[in-house]
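Structure first, then comments.
The values are calculated or read from the model by the stated rules, or taken from the named source; none is laboratory data. It should be emphasised that the depicted structure is a prediction, and the values quoted were computed from it without experimental measurement. Glycine gets a Cβ as well: all are built from the backbone with ideal geometry, and neighbour counts include every protein chain shown.
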């Protein structure tokens, strides 16, 4: 830290405090380095005191009657980082912080990431989206063996184009006792997510409802949030009862609880996003939650968290101050060594700025025109994916595509004849979802969509595996939080991708948010700190 000999001063808004401080005067810090160290000691109170003509800060000593010691200018109580959010989140999920490592599909939020965070008491969601059942089950077994008591979570991504994937994932979660899922990208409730929730309901001996299967719903729209904040729809309960999948008692209990225990407000994030500003979206969803709670009077109030754009202590603290029960990180974890992506991608991510992202067509919802946010720096994927979608809209089959356009696609994008791509697509869906092949054979436009989705789907696989020769086709999900994080860690040891560990990132975000909370508390009491003490400083670079 640079020592510019700045000192603590009092603003015109400062009001004196009618008490004194007594303690070892040697513990009072007047220099910038010492002031910052005192503020980092979050579990102890901080006293701003006058000694002679100088103002310093200490976390030692105690308060006394006015006149018995040094004059006190301000007081910041000690607290825990966990208190920034809702302690009920920590108690409910058994976690250290109101902090959640969000899912990134195709195993980018990997077993290693979930285990590393879980071992220090931080919950993370395995990126099960886009993976076949065998791969998901292998991840379940590995994570459960390393974290037999948790905390951990698995992602359930909405799959309107491939409903079998969603259904199979739920069956695996129920079979293997996965008791917490993160439901993401849902446009509406499906019978699969309702089945997961209701199948875990029972009554305790005291008559209260035991919710075995917990849901953290990630949403970006009020209408979707409402569905997860309300009880399960009757139409799904009726179908599940008719099929013998739930009991009458479970259906009755389902009418008394919300579909989700926690709802994450997803703002301007990587991957599926509506690019909503958190400062507008979070208050709206909090108000919605309060309206529904007033109407339903649930025994346990739904917690509302915040994700998307969380990449610095300032953004984390802003979310907590606005009322978030917990925060969710995603993009910044992808650049950590535990992420299930290639070193090439991690090095690119460690260099990007906030403006190096753009929207591109999503593979899993291609025909619906849904887009997701990813990196535009160092890759042509967003532009090529958009070109495929434009061609899809303009033509009804592969045969309708003009010859010159088709040749360009085969040479520059697919690097193979399109009919050869179709053969590979058939082989792929035979294992994944055979119904897709039959639909495509009956509908030429559907066949074209599946062929185009071959590129969109493999582009993320190429990025994860570091496929040589395909670097310009890498699909890298990323939001502006990545650029903000890079700005924050510049000139620290975390500037280099190889030094980024997901647990250290989480700890610094939460510790930094707590530090800034104390700084803000002093400002509100009329205390002006040296400029260098107003920011949370990371360890210097190697």
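Put simply, of 103, 125 the only residue that is in contact with a helix residue (DSSP H, G or I) (Cβ under 9 Å, 6 or more places away or on another chain) and assigned by TED's automatic domain parsing to the domain that holds residue 183 is 125. Among all residues of segment 190-198, there is at least one that is part of a loop (DSSP other than H, G, I, E, B) and either assigned by TED's automatic domain parsing to the domain that holds residue 232 or closer than 21 Å to residue 327 by Cβ (or both). Scanning segment 169-186 for residues that are surrounded by 20 or more Cβ atoms within 10 Å (Cβ to Cβ), on the phi < 0 side of the Ramachandran plot and either outside any loop (DSSP other than H, G, I, E, B) or within 16 Å of the chain's Cα centre (by Cα) (or both) returns 169, 170, 173, 180, 181, 182, 183, 184, 186.
One line per residue, one yes/no per condition, for (1) within 32 Å of the chain's Cα centre (by Cα); (2) part of a loop (DSSP other than H, G, I, E, B); (3) crowded, with 17+ Cβ neighbours inside 10 Å:
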residue: 374; (1), (2), (3): yes, no, yes
residue: 391; (1), (2), (3): no, no, yes
residue: 405; (1), (2), (3): no, no, no
residue: 408; (1), (2), (3): no, no, no
residue: 412; (1), (2), (3): no, no, no
residue: 425; (1), (2), (3): yes, no, yes
residue: 428; (1), (2), (3): yes, no, yes
residue: 441; (1), (2), (3): no, no, no
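Scanning segment 71-106 for residues that are in a loop (DSSP other than H, G, I, E, B) and under 18 Å from residue 180 (Cβ atoms) gives 85, 86, 94, 95, 96, 97, 98, 102, 103, 104, 105.
Here is a yes/no grid of residues against (1) surrounded by fewer than 23 Cβ atoms within 10 Å (Cβ to Cβ); (2) free of Cβ contacts under 8 Å to residues at least 60 places away in the same chain:
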site: 264; (1), (2): no, no
site: 267; (1), (2): no, yes
site: 271; (1), (2): no, no
site: 278; (1), (2): yes, yes
site: 284; (1), (2): yes, no
site: 295; (1), (2): yes, yes
site: 302; (1), (2): no, no
site: 310; (1), (2): no, no
site: 313; (1), (2): yes, no
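Scanning segment 252-269 for residues that are farther than 15 Å from residue 100 by Cβ and either touching a helix residue (DSSP H, G or I) at 6+ places or on another chain (Cβ under 8 Å) or not in a loop (DSSP other than H, G, I, E, B) (or both) turns up 252, 253, 254, 255, 258, 259, 268. Return the residues of segment 30-60 that are surrounded by fewer than 19 Cβ atoms within 10 Å (Cβ to Cβ) and in contact with a helix residue (DSSP H, G or I) (Cβ under 9 Å, 6 or more places away or on another chain); say none if nothing qualifies. Those that are surrounded by fewer than 19 Cβ atoms within 10 Å (Cβ to Cβ) and in contact with a helix residue (DSSP H, G or I) (Cβ under 9 Å, 6 or more places away or on another chain): 33, 40, 44, 51, 60. Residue 7 meets all of the listed conditions (1) part of a loop (DSSP other than H, G, I, E, B); (2) in contact with a strand residue (DSSP E or B) (Cβ under 6 Å, 6 or more places away or on another chain) but one, namely (2).
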